[in-house]
Amino acid sequence: MRGREGSDRFEALDAGRGVCALTVAFFHMPLAHPWQQQAWFPNLQLCVDVFFVLSGFVLLHAYGDRLATGRQVLRFGLMRVGRLWPLHAATLGLLVLIEGVRFLSLSHHAGTPGATPPFGPEHRPVEIVTHLLFLQNFRTFGEYSWNFPSWSIAVEFWASLVLAATVMAAGPWRRLVFAGFAGASALALWWVSPRTLFVIQNFGIVRCLFDLFLGCLAYTLRDALRLPRRLATPAELLALLALPALVLLSSPGPLGYGASLVFAAAIALFSHQGGAVSDLTRARAPQRLGQWSFSLYLLHLPVIQVFVTAVHAVEARTGLALTAVLGHEHLVDLGSGPANLAAAAALVALTVPLAALTHRVVERPSLAWFKRVDAGLAAPAAPAAVAALAPR
């Protein structure tokens, strides 16, 4: 991603992606900490909408001028598979392995407190196929299963193909088309989920399309937020406060859809990297988190599964009560709110080095392989292009 003149990346946006990945990981940690009962806590899911808006922005930046033909759209689809599928498949395989270990363990310890049956409703073998085909979010089995955060990866894959076809067909009218698709998606989203933006099962694709096209629209309008340094810094500070403010203040209802508009404006602003906040994001730590964000997002569920399995094993062997039911959720309870909060933070921290490892051994090599395949597909077009330029 190209950012400031001379830079190959939107460093500020990369850093923001890393922070959002950590936030989503924390949100999913199944511990009975005091924040679980706060009214604002579910709003941490807004980070997923940040991901979607950012994806639309970045995809249009990277491919907007390379989606003029059906062949280019097919190559785009191949690269989307290369970016999303290998790590998704690897983490799914890890979860299947963990489930196999649970099966062997629970076969010798029947009646373990709080333990769900292995390969039960949330881990049925047949659903492995739907995950591998990026179909788990649609009307298949109607439940979250296996690596459930990957629902967003699945819908983003299909939505990005819609985006590519739209860019190819829209031509010079793309800004108007993006606005129309974003508006139509917002109306469809209100129809299927009038009380909340956080629709997931079955209609998550509508939410993704809404955010994705907002990101595209933001990219076409980004020059309006190119500010001089003296204005860029206070504007970035305001934008930096927008996400926590929205988390704390957003309430159910269609007005919540406005959060994605704020995210789109903030992303367009930070893409210019003109203020002091953007300067801070170029530090090593936030940049590393940005690089590892996809692994952080997909890998935290296997970490949770190992942790919960270990807790159930300790319960079975010691008789200690280490789980509690809050609302409809079965959560780990280590005895106090601060202890649970600390454990949740520790599990998120543990995910970081593991994400660095999977980024290195899964993400980078697989994407490099797909790039080589893409280069091979592009090569046959070169002689034809030369022939077309030859004098007649």
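Quick one: in the stretch 238-256, of everything that is under 21 Å from Phe27 (Cβ atoms) and in contact with a helix residue (DSSP H, G or I) (Cβ under 6 Å, 6 or more places away or on another chain), which residue is surrounded by the fewest Cβ atoms within 10 Å (Cβ to Cβ)? The extreme case among them is Ala242.
Which residue out of Leu92, Leu84, Leu59 is open to solvent by less than 20 Å² (accessible area, probe 1.4 Å), more than 30 Å from Ala182 (Cβ to Cβ) and in contact with a Phe, Trp or Tyr (Cβ under 9 Å, 6 or more places away or on another chain)?
Only one candidate qualifies: Leu92.
Out of Leu97, Leu78, report the one residue that is open to solvent by 60 Å² or more (accessible area, probe 1.4 Å), of a type in the set (A, V, I, L, M, F, W, C) and at pLDDT 90 or above. One residue alone meets the criteria, Leu97.
Among the conditions (1) of a type in the set (A, V, I, L, M); (2) closer than 28 Å to Arg17 by Cα; (3) touching a residue at least 12 places away in the same chain (Cβ under 8 Å), the only one that Ala349 does not satisfy is (3). Condition first: exposed (fewer than 11 other Cβ atoms within 10 Å of the Cβ) and assigned to a helix (DSSP H, G or I). Can you find one or more residues in the stretch 311-320 that meet it? Yes; the residues of the stretch 311-320 include at least one that is exposed (fewer than 11 other Cβ atoms within 10 Å of the Cβ) and assigned to a helix (DSSP H, G or I). State yes or no: is Phe307 open to solvent by 10 Å² or more (accessible area, probe 1.4 Å), in a helix (DSSP H, G or I), touching a residue at least 24 places away in the same chain (Cβ under 8 Å) and under 15 Å from Cys20 (Cα atoms)? No. Being among the β-branched types (Val, Ile, Thr), at pLDDT below 95 and either under 19 Å from Phe210 (Cα atoms) or assigned to a helix (DSSP H, G or I) (or both) holds for only one residue in Val24, Val53, Val73, and it is Val73.
Going through (1) closer than 23 Å to Phe294 by Cα; (2) without any contact (Cβ under 8 Å) to a residue 24 or more places away in the chain; (3) of a type in the set (Lys, Arg) one by one, Arg66 falls short only on (1). Restricting the first member to the stretch 102-125 and to residues that are surrounded by fewer than 13 Cβ atoms within 10 Å (Cβ to Cβ), and the second to residues that are at pLDDT below 70, the beta-carbon pairs closer than 7 Å and six or more apart or on different chains are Pro121/Glu143. Residue count for the stretch 332-344, restricted to those that are among the hydrophobic types (A, V, I, L, M, F, W, C), open to solvent by 50 Å² or more (accessible area, probe 1.4 Å) and in a helix (DSSP H, G or I): 1. Considering only residues of the stretch 262-290 that are assigned to a helix (DSSP H, G or I) and either charged (D, E, K, R) or closer than 25 Å to Gln37 by Cα (or both), which is nearest to the chain's Cα centre (by Cα)? Going through the qualifying residues, I end up with Arg288. If you filter the stretch 222-235 down to residues that are in contact with a helix residue (DSSP H, G or I) (Cβ under 8 Å, 6 or more places away or on another chain) and under 11 Å from Ser271 (Cβ atoms), you find that the one that is least open to solvent (accessible area, probe 1.4 Å) is Arg222.
The numbered conditions (1) closer than 26 Å to Phe178 by Cβ; (2) open to solvent by less than 10 Å² (accessible area, probe 1.4 Å); (3) not hydroxyl-bearing (Ser, Thr, Tyr) are all true for Met29 except (1). When the residues of the stretch 27-50 are filtered to those that are out of contact with any Leu (no Cβ under 9 Å at 6 or more places or on another chain) and assigned to a helix (DSSP H, G or I), which remaining residue is nearest to Ala268 (Cα to Cα)? Of everything passing the filter in the stretch 27-50, Val48 is nearest to Ala268 (Cα to Cα). When Leu301, Leu240, Leu261 are screened for being more than 30 Å from Phe119 (Cα to Cα) and touching a Leu at 6+ places or on another chain (Cβ under 8 Å), only Leu261 passes. Filtering the stretch 321-331 to residues that are open to solvent by 60 Å² or more (accessible area, probe 1.4 Å) and of a type outside the set (Val, Ile, Thr) leaves Ala321, Gly327, His328, Glu329, His330.
The values are calculated or read from the model by the stated rules, or taken from the named source; none is laboratory data. All values reported here derive from a predicted model rather than from experimental measurement. As a convention, Cβ positions derive from the backbone with ideal geometry for all residues, glycine included, and neighbour counts pool all protein chains shown. Accessible surface is based on the protein model in full, side chains and every heavy atom, while ligands, DNA and RNA are left aside. Shrake-Rupley method; radii C 1.70, N 1.55, O 1.52, S 1.80 Å.
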